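Peer 1: Here it is: the structure, laid out below.
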Amino acid sequence: MTPQIAIPSGADLMTYDEFAERYGYSIRTVKQMVADGDLLLMPRKKDGGAARINMVAFRARLLAQGLNCRYVAA
């Protein structure tokens, strides 16, 4: 049997509010995750622009964690 890992699809970028709502976190937790380096931000195109979470990097990290998980038979 081949293990199947479900990676969420969706937008390539999300605001803090969108991420918090979709994944059930508070805004404070999302900001702490960014500060800790758990979530990566896309570079801003202009000064003062809204910060956007890089969801492509987030999904890649989920995939890597899923493949390295000891609960998934290799």
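Peer 1: Regarding the stretch 13-67, what is the average projected area of its C-alpha convex hull, in nm²? Walk me through the intermediate numbers first.
Peer 2: Working: hull surface 15.8 nm².
Projected area, direction-averaged: 3.9 nm².
Peer 1: For TYR16, TYR25, which order do you get if you count the other beta carbons within 10 Å of each Cβ and list the fewest first?
Peer 2: By the 10 Å Cβ count, ascending, the order reads TYR25, TYR16.
Only the coordinates and a few stated rules stand behind these numbers; no lab work does. The structure displayed is predicted, hence computed values, not measured ones. Don't worry about glycine lacking a Cβ; one is built from the backbone with ideal geometry, like all the others, and counts go over all protein chains shown.
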